[in-house]
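Data first, discussion second: the structure below is written as structure tokens.
The values are calculated or read from the model by the stated rules, or taken from the named source; none is laboratory data. What you are looking at is a predicted structure, and each value in this text was computed from that prediction instead of being measured. Cβ sites come from the backbone with ideal geometry, for glycine too, and all protein chains shown count toward neighbours.
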Amino acid sequence: MGGFFGVTSKSNCVFDLFFGVDYHSHLGTRRGGMCLYSENKGFDRAIHNIENSPFRTKFERDFEEMEGTLGIGCISDNEPQPLIVRSHLGTFSITTVGKVNNTDELVSKLFHDGMSHFLEMSGGSINQTELVAAIINQKDSIVEGLSYVQELVDGSMSVLLMTQDGIYASRDKYGRTPIHIGRKAGSQCASFENFAYLHLGYKDIKDLGPGEIVYITPEKLEVKKEAGKERKVCSFLWVYYGYPTSCYEGINVEEMRYRNGANMAKRDDANVDLVAGVPDSGTAHAIGYANESGSPFSRPFIKYTPTWPRSFMPVKQSQRNLIAKMKLIPVEPLIKDKSMLMIDDSIVRGTQLRETTDFLFQAGAKEVHVRPACPPIMYGCKYLNFSRSNSDMDLIARRVIWELEDGNVTEEVLKEYTDPESEKYKKMEAKICEIMHFTSLKFNRLDDMIDAIGLPKCDVCTYCFDGVE
């Protein structure tokens, strides 16, 4: 996914920028970047690969050498950013969070309108932040350009754009990702995560609405475009991606996960010795389940985090699976001869959770019941790319449906499989359980998950579960 942070200050802001960006490290694993502006140096940028080393380690030297009263930075799962762009709108730096589905269409349009070239990344693709900057530069003002991005992009695109005078923050058209504004004496900041500025002394003053554009300086906040009424906030922010201390639309992640686990327990009748969460994102769901069910919460395996990078970091799936397995260290006295109920945030491809289940049985578990904290994932994410699926057939639910339907899978058929009361859904669930070697499997229901979030379903993006855009 990725996250960003921006600061405008009356004094040197490199400290706030460095730690504000670092607090977004849970949202991406490939690249980090910072850009600052000062009257002495102008725009000064640093970008590093963070696949095998955390943000703080890679940027320690930059932290000592950079300076500025304005700054933006990011943690990215995709392209190198922030970029520095010189155009008829002036020189600016830009960083983005989101996903563009219609790149080829937009590139063709820009070439037709006079754009001469784009720089290709090593994979042969176009840097989507450069593409967004090119769209902005088609207009006569930055605000018009940011609005044009919201109009043209098929997908989702939130932007921080820094000039030498201030920072523009533009939330994506339907608010799938958040932007929070914080303030302290002499400074204001814009952040994907509101907890990122808590210890830096900032207080919440505003959450941007869908499609809203604001301009911030150390002294003022100007609304340049009012928020739209329709919102589709990514439900996976609460289920998986969000840090426990994060709040989106005023709803805390940790509290949502407790409610979510409790809702799952209310529909379940499993008789188990203990309830456990697959670390880390399954843990809070499991606590909520255990509190509601009365079954004790336990930690039968521990994640070893001092040296291992995040499990989905390597490009190859086989490497991600191996690292995920090596990070989880079993506590055999809590496993042997136990009937266990495991809660993970989701089942996407299924490979890692199957290996986890196998090693629990190898460690002596009597039963392993699995309860994913969200419904079966039917569609790869087209807005934030959280699932990293190259094809819907990477998803275990879709592979099983293909097998059960002998390849005759239509949208009408898929709708039947999204109904937890249907016979097709039950057959799919049973088949996944068999493939994954679970003792039993019950996915969380979409209505229960939405209830745990606490927003109307129409305000939450559930595309990956039911195909509703």
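Within the stretch 91-110, identify whether any single residue is of a type in the set (Gly, Ala, Ser) and more than 29 Å from residue 19 (Cβ to Cβ), and answer yes or no.
yes
Go through (1) under 21 Å from residue 3 (Cβ atoms); (2) in contact with a Ser or Thr (Cβ under 8 Å, 6 or more places away or on another chain); (3) of a type outside the set (Ser, Thr, Tyr) and name the single condition residue 63 misses.
Here residue 63 meets the rest and fails (2).
If the Cβ limit is 6 Å and pairs must be 6+ apart or interchain, which residue in the stretch 211-230 that is not assigned by TED's automatic domain parsing to the domain that holds residue 456 pairs with which residue that is acidic (Asp, Glu)?
Partner pairs satisfying both residue conditions: 215/222; 227/212.
Can residue 26 be described as within 18 Å of the chain's Cα centre (by Cα) and either without any contact (Cβ under 8 Å) to a residue 24 or more places away in the chain or over 18 Å from residue 65 (Cβ atoms) (or both)?
Here the answer is yes, as residue 26 does meet what is asked.
What residue, of 175, 228, is surrounded by fewer than 19 Cβ atoms within 10 Å (Cβ to Cβ), modelled with pLDDT of 95 or more and assigned to a loop (DSSP other than H, G, I, E, B)?
Exactly one residue qualifies, and that residue is 228.
Where residues in the stretch 31-45 are over 11 Å from residue 59 (Cβ atoms) and surrounded by 24 or more Cβ atoms within 10 Å (Cβ to Cβ), which of them is nearest to the chain's Cα centre (by Cα)?
Result: 35.
Residues are listed down the side, and each one gets a yes or a no for (1) at pLDDT below 95; (2) buried (at least 16 other Cβ atoms within 10 Å of the Cβ):
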site	(1), (2)
266	no, no
274	no, yes
306	yes, no
310	yes, yes
319	yes, no
339	no, yes
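For residue 78, are the conditions met, namely being under 25 Å from residue 142 (Cα atoms), of a type outside the set (A, V, I, L, M, F, W, C) and not in a helix (DSSP H, G or I)?
It is true that residue 78 is under 25 Å from residue 142 (Cα atoms), of a type outside the set (A, V, I, L, M, F, W, C) and not in a helix (DSSP H, G or I).
Of the residues that sit in the stretch 54-63 and are surrounded by fewer than 13 Cβ atoms within 10 Å (Cβ to Cβ) and not acidic (Asp, Glu), which one is nearest to the chain's Cα centre (by Cα)?
Here the answer is 57.
Name every residue in the stretch 335-386 that is of a type in the set (A, V, I, L, M) and not in a strand (DSSP E or B), in order of residue number.
335, 347, 348, 353, 360, 363, 365, 373, 377, 378, 384
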